[in-house]
Amino acid sequence: MGEIAGVKVRPHDLRRSYATDLFDLGIDAMVVSRMLGHANIQTSMRYDRRPEDTKKEAADRLPFAFVEKEEEE
């Protein structure tokens, strides 16, 4: 499969890349799990290799009622 590029590619490598791409696109873990055909979401979560910064970015996007947004001029 990866002969042209000179790398060894196994079918599971493609599956892992597929899952990683879905996670990178922000697809919900439950949806990724269903798309991979996993019975247990924990199996799918092993494919999630996003950095810790991803969690911070997600938290920063949450709207909080007690935080006032700066007005644009």
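Neighbour counts of other C-beta atoms within 10 Å: give me Leu62, Leu14, Leu36 arranged from fewest to most.
Numbers: Leu62 7, Leu14 12, Leu36 16.
Arranged by neighbour count, lowest to highest, Leu62, Leu14, Leu36 become Leu62, Leu14, Leu36.
Note on the stretch 11-60: Kirkwood hydrodynamic radius from all Cα pairs is 11.2 Å, rounded to one decimal. Projecting the Cα atoms of Ala39, Leu22, Ala58 onto the charge dipole of the stretch 11-60 (Cβ charges, centred on the Cα centre) puts Ala39 farthest toward the positive pole. Rounded to the nearest 20 debye, the dipole magnitude of the stretch 11-60 is 260 debye, with +1 charges on Lys and Arg beta carbons, -1 on Asp and Glu beta carbons, and the Cα centre as origin.
Bear in mind that the values in this text are calculations on the coordinates, not laboratory data. Quick caveat: nothing in here was measured; it's all calculated off a predicted structure. Glycine also receives a Cβ, built like all others from the backbone with ideal geometry; neighbour counts cover every protein chain displayed.
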